[in-house]
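Below is one structure, written out as structure tokens; comments come after it.
The values are calculated or read from the model by the stated rules, or taken from the named source; none is laboratory data. In this text, all values refer to a predicted model and were calculated from it rather than measured experimentally. As a convention, Cβ positions derive from the backbone with ideal geometry for all residues, glycine included, and neighbour counts pool all protein chains shown. Please note that ligands, DNA and RNA were not included when accessible areas were found on the heavy atoms of the full protein model with its side chains. Shrake-Rupley method; radii C 1.70, N 1.55, O 1.52, S 1.80 Å.
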Amino acid sequence: MKPAAFEYCRPDSLAEALALLSEYGDEAAVLAGGLSLGPLLNMRMARPEVVIDINRLADLARIERDGEVLRLGALVRQADVLASAECQDLVPLLVAALGHVGHYQTRDRGTLAGSAAHADPSAEVPLCLKTLAGAVELTSERQVRRVPADDFFQGTLTTARADDEMITALLWPTDRGRQGFAFEEVSERRGDFAIVAAAAWAERHDYDEGYRYGLGLGGVEEWSLVSRGGGRRAPEDLAEFADEVIAGVTEDIEPMRDQRASAAYRRHLADHLGRKVLLRALETALGEVQS
Amino acid sequence: MMRLPPGQRTRVTCTVNGQAHSGFAESRTLLSDFLRHELHLYGTHVGCEHGVCGACTVVLDGRLARSCATLAVQAEGAEITTVEGLAADEGLEPLRQAFSRHGALQCGFCTPGILASASHFLAARPDPTEAEVRDMLSGHLCRCTGYEGMVRAILEVARETTEGANQ
Amino acid sequence: MGDRADSWVGRAVPRLEDAALLTGNARFIDDLSPLPGIRHVALLRSPHPHARILGIDAEAARAMPGVVGVVTGAELREHLNPLASAVRAPMAYYPIAIDKVRYAGEPVALVAAEDRYLAEDAAEAIEVDYQPLDAVVDPLAALATEAPVLHEEAGGNLVHHRQFAYGDPEAAFAEAAEVVRLAWRYPRQSATPMETYGAIAHFEAAPERYTVWSNFQGPFILQPLMARALGIGGNQLRLIAAAHSGGSFGIKQGLYPYLVLLAAASRLLGCPLKWVEDRLEHLSASSSAADRADEIEAAFDGEGHLTGLRFDNLVNVGAYVRAPEPASVYRMHAAANGCYRVRHIAIQNRLVTTNKLPIGLNRGYGGPQFYFGLERAMDLAARRLAIDPAEIRRRNFLAADGFPYEGPAGAIYDSGDYGKGLEMLLEIADYPTLRARRDAARAEGRLFGIGLAAGVEPSGSNMAYVTLAQTPEEREKAGGRSGGVACASVAMDPSGTVTVHLDSTPAGQGHATVAAQIVADALGLRPEQIQVDTAMDTGSGAWSLASGNYSNRFAAIVVGAIAESAGRIAGKLKAVAAELLEVAADDVELAEGRARIAGVPEQGIALGRVAAATHWHPAGLPDGMAPGLYDTALLNPAVLDAPDGADRVASAVTFGFLCDLVALEVERATGRLRIERYASVHDVGRVLNPIVVEGQVRGGFAHGFGAAMFEELAYDQDGNFLSGSFADYLCPTSADLPPLEFANYETASPQNPFGSKGMGDGSSMLTPVVLANAVADALDLDEVELPLSLDRVWRLANPETDGR
């Protein structure tokens, strides 16, 4: 199980990396943590002409706050986020989810951007990014653009990234999920991709009686199912409200079926986990204890 | 920018276990193959070549790496620690002895990678809970032991070290 | 022996193997480069489960830089005979496909190149013209008349069929007060050791011979079979097993066809060849346990006494019957009464070929499948008869004062006290409290279950049990077969230090340590002073057909050979020392590195001096004494007789006992099992080294737990393989395994000087069924199948869902 031959390029600057992407397009593969690309190369399921190793582009490893947004560069490793007090404070939902991503060893090298680029429908990072209405920063020689996660993830292993673009950062809104959040997933073993994962957040406005919430379900269909909303007054019966939200999200879904799980099981888990996390986020943020 | 066309070999120089090493690699040469067959450090074992089993885990510039999912050329100028380097670390002797005492290994094929993870983990988290140890070990597959001996050994060493530091 | 308070045997001696393994100094097959000029092999494998090979074009591959050559099945056929088995159906098994592929992953061509990367490049460049054929993977479907036939010359997919009756099963069922019947599928699983197959083959033209280094672990009954396939005498095929092997659990038996393939290709290509299997190859094409479609009927009287059993075993052997198959279906045959007194047993065995990889040795070897039926039936009967599951087993156990006990199908149970084990288990697990908790949980509508299982662990196989696949008449014609010979050599060199050679090809079980403990006791030394060489070499050491690492034979048989050989060395040392000390040999004892006068410990001489006398001064030895200190023992347990005319056979030397209890809750909302308690009690006879014994129990439990919960080598209906990575074939991790409460007690086996029994398989046999029993109890179900995946358990726990 050895990779097919390719050209290895180790750019010294982002500009060089982008030039290579511009030249080779979909014949190029960007190598960061290597935890998705490495196995694909070894199995010869990925056969790029050029592998662009961005690991020495230190500028991409920054965790920085940009107003209401936390910008996590393309080389920020999962373990970096778990170890960051700032991340814990600003994006607690992401931090909660990362505990479910892979293992101690893989989190030490695996990047968040790599997970976003790979776009597995069960992966936790894309789910959280979408649930929080974050965005992906895509950079090419042509432009820098910020694509909302809602538009970025287009299906199993499919994204809005153009062939000459590189993910240079993930942008995480910091004004949501800090009052109430919850993450749960069901997988066979610890560290496996989820069969179904559920993420939720809720906030009470600090300027009026209003509130907002977000709910995301991963692993059910080819992309995360998301509902976000809010209102001028917090709902009186949170459980009833959660039921309505779930019903809205799971209406008309056609869950995936595979060796691991049937569509019926996924549908059930979507319902069960979704209700659980949403209710917990709402209760924490909106301060009501429901039976 | 470094560029290495397909099929060409280049010299890769790195520090392994505190010593300068160099050898030849193609762009596609896996770090696991480079360590074993080029540098003749056979203590690193290959169990799956798709980054799951953890047998090939080494420390690369302070971070754990699946050497089967890492290219040799990525290691240019890097500092690597393998089981042979850990073996030279007297400070890890209690861990090795605890592994032996608690039956934490049988065939020993997965052990080098587990020692790399365990030593890295204990340095970051000197006083872990059992759940944390089990979580850390879940990144390795062992088919012989049922993991119980490893968990006991790591917890025991952590406890002894922490108690020693507190005295 | 082993009873002395100061003996090494029985103590938790830290393993001598560990230092090398913990420092990266142990050498495994892929670390070896025993000769220059080795080329590296990649195998091109079939992507089709079933297809005719119309042609292979390897010209482009041969022309690629770094490529030494390509060899196809058609080319190799000239140089190979088919690999034989005990099944007589006319079908040829070669280590590479000749004109047809019969499973996805079957080797089609071999490429040798300067390195593995180039070999894989070239393998991709080979063009194979396949004519795909319909495939069948289900054992029942394969029996249908319209099913695709794998081996046309065999006339169908049913390649072995035998029926047996012991006692009077018809009458037992006719008179039964209660008959429970179960039919189920048992999934395909594989032990997946962390080290895959590896081999280096070297052909020499003059004198004509093959040398093969590998991590093959026997049984060496396969050595003459390999020689026959290569068309050579046994002494022209030298097999060398690496000293360290990264786990086997039986699976590395399935390496032998590759040894034949590499040896033949080495001859054709004129260079030594090395092949290291990758994980994808291992999962798709190494070996596995059989999936089965079995049925059991169990007859009981009104008091819950088991009076009759009927087994109907349908074994999916995969694409070929690869020797020693069909042994997996005969491993438990002679002990088909399990740990119970039942005397009337009927067994039907059918083997069917399908488009899956061929089966072979795998931890538990037929045991997990056997106990799944028997122990599910016991639990089910308990429920029907309203008898506690512990009580129904207690009522049926062999009597503690009835050993040795001859089972109805010929097994001779050496020793045991099963009731004692069960009582220990119930006490450890606090059974009454668990039952109360179950009642309380159920009152709250929760799904709480308790599972029990008990069984024997046959160890040290009779090499003849597989001949039950033949009728008594066929056996008569083929000539007598019996036995399970162990070999061990002990040598003391002129400096007085000791080297031991074993034929047990260990793969992590600590044989070197236990051998050193035994020899240290015999010679009055310390274990760490003994060198134990576990690298087996058929060209230079003693070996037998039974040599190898399987059926827990080490603690059952091999220890006896070590003791015998060490005892003879000790006897000679005492005789020589007696001359030097001028006392009778009986008055000499060996202790603390000295030969000394018993009762007068200060009067003695260093062992080195005694040893030197035998090596340096043979003329001074007592009359008639041979020089040197070198001894080889070949030991055959007398109990391992040939099968008789009624198909009864003493299939194994020792019978350990174990019983397991699990209490769990099924989470209705997710199907997740929350294991509250898992306890396991073992009788492995006298314990030789507690570290080793506990390690085997915990490891067997982990295998059994994985098998119960996650593991399945899955195929789709068309024969495509779905479990080609460790992300698809799910082995349990440290975070998945519940705590195991383990205890043991000892009933000494009379079968070897230590009273030890073989062990290591037991937990892998019972863990799957005890978990199934607990889930069945929690959900109040008769039928539960494995693996207990989340989806499956959720559906069972929520029968109102329609499984969309």
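Remarks
- Filtered residues of segment C:307-320 (kept if of a type in the set (A, V, I, L, M, F, W, C) and open to solvent by 10 Å² or more (accessible area, probe 1.4 Å)): C:Phe311
- Residue count for segment C:188-210, restricted to those that are open to solvent by 10 Å² or more (accessible area, probe 1.4 Å) and not acidic (Asp, Glu): 8
- Any pair with Cβ under 9 angstrom, 6 or more apart, that starts in segment A:249-266 at a residue that is hydroxyl-bearing (Ser, Thr, Tyr) and ends at one that is at pLDDT below 95 and part of a loop (DSSP other than H, G, I, E, B): A:Ser262/C:Gly803; A:Ser262/C:Arg804; A:Tyr265/A:Arg257; A:Tyr265/C:Thr801; A:Tyr265/C:Gly803
- Matching option when the condition is part of a loop (DSSP other than H, G, I, E, B), more than 13 Å from every other protein chain (Cβ to nearest Cβ), within 30 Å of C:Ala708 (Cα to Cα) and among the acidic types (Asp, Glu), among A:Glu236, A:Glu188, A:Glu221, A:Glu209: A:Glu221
- Selection within segment B:101-128 - facing chain C (nearest Cβ under 10 Å) and surrounded by fewer than 24 Cβ atoms within 10 Å (Cβ to Cβ): B:Arg101, B:His102
- From B:Ala131, B:Ala153, residue being open to solvent by 40 Å² or more (accessible area, probe 1.4 Å) and at pLDDT 95 or above: B:Ala131
Residue-wise test of (1) under 27 Å from C:Tyr210 (Cα atoms); (2) away from chain B (no Cβ under 14 Å); (3) open to solvent by 30 Å² or more (accessible area, probe 1.4 Å); (4) not aromatic (Phe, Trp, Tyr).
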site: C:Arg11; (1), (2), (3), (4): no, no, yes, yes
site: C:Asn25; (1), (2), (3), (4): no, no, yes, yes
site: C:Ala58; (1), (2), (3), (4): yes, yes, no, yes
site: C:Ala74; (1), (2), (3), (4): yes, yes, yes, yes
site: C:Arg88; (1), (2), (3), (4): no, yes, yes, yes
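- Screening B:Ala20 on (1) crowded, with 24+ Cβ neighbours inside 10 Å; (2) part of a strand (DSSP E or B) shows it passes everything except condition (1).
- Of the numbered criteria (1) within 14 Å of chain B (Cβ to nearest Cβ); (2) touching a residue at least 40 places away in the same chain (Cβ under 8 Å); (3) open to solvent by less than 10 Å² (accessible area, probe 1.4 Å), the one A:Ala119 fails is (1).
- Filtered by the rule that a residue be hydroxyl-bearing (Ser, Thr, Tyr) and under 10 Å from the mean Cα position of the chain (by Cα), segment A:101-137 gives A:Ser115, A:Ser122, A:Thr131.
Let's see how each residue does on (1) under 23 Å from C:Gly484 (Cα atoms); (2) without any contact (Cβ under 8 Å) to a residue 40 or more places away in the chain; (3) open to solvent by 10 Å² or more (accessible area, probe 1.4 Å):
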position: C:Ala702; (1), (2), (3): no, yes, no
position: C:Tyr715; (1), (2), (3): no, no, yes
position: C:Asn720; (1), (2), (3): no, no, yes
position: C:Ser723; (1), (2), (3): no, no, no
position: C:Thr733; (1), (2), (3): no, yes, no
position: C:Asp736; (1), (2), (3): no, yes, yes
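- The set of residues from segment C:717-737 being facing chain A (nearest Cβ under 9 Å) and polar (S, T, N, Q) comprises C:Ser723, C:Ser725, C:Thr733, C:Ser734.
- Among residues of segment A:190-205 that are under 16 Å from A:Ala96 (Cα atoms), those with a beta-carbon under 8 Å from a residue that is open to solvent by 10 Å² or more (accessible area, probe 1.4 Å) and basic (Lys, Arg) at least six positions away or on a different chain give the pairs A:Ala198/A:Lys276; A:Ala200/A:Arg280; A:Trp201/A:Arg176; A:Ala202/A:Arg212.
- Residue match in segment C:240-252 (condition: away from every other protein chain (no Cβ under 14 Å) and open to solvent by less than 10 Å² (accessible area, probe 1.4 Å)): no
- Verdict on C:Val697 being open to solvent by less than 10 Å² (accessible area, probe 1.4 Å), in contact with a strand residue (DSSP E or B) (Cβ under 7 Å, 6 or more places away or on another chain), outside any strand (DSSP E or B) and touching a residue at least 24 places away in the same chain (Cβ under 8 Å): yes
- The residues on offer are A:Glu68, A:Glu16, and the sole one that is over 28 Å from B:Phe121 (Cβ atoms), open to solvent by 20 Å² or more (accessible area, probe 1.4 Å) and away from chain B (no Cβ under 12 Å) is A:Glu68.
- Qualifying residue in segment B:62-75 (condition: of a type in the set (Lys, Arg), within 9 Å of another protein chain (Cβ to nearest Cβ) and either open to solvent by 20 Å² or more (accessible area, probe 1.4 Å) or assigned to a helix (DSSP H, G or I) (or both)): yes
- Any chance C:Asp537 is acidic (Asp, Glu), open to solvent by 10 Å² or more (accessible area, probe 1.4 Å), more than 20 Å from the chain's Cα centre (by Cα) and within 28 Å of C:Met194 (Cβ to Cβ): yes
- Of everything listed in (1) in contact with a Lys or Arg (Cβ under 9 Å, 6 or more places away or on another chain); (2) closer than 16 Å to A:His103 by Cβ; (3) surrounded by fewer than 23 Cβ atoms within 10 Å (Cβ to Cβ), the single unmet condition for B:Met136 is (3).
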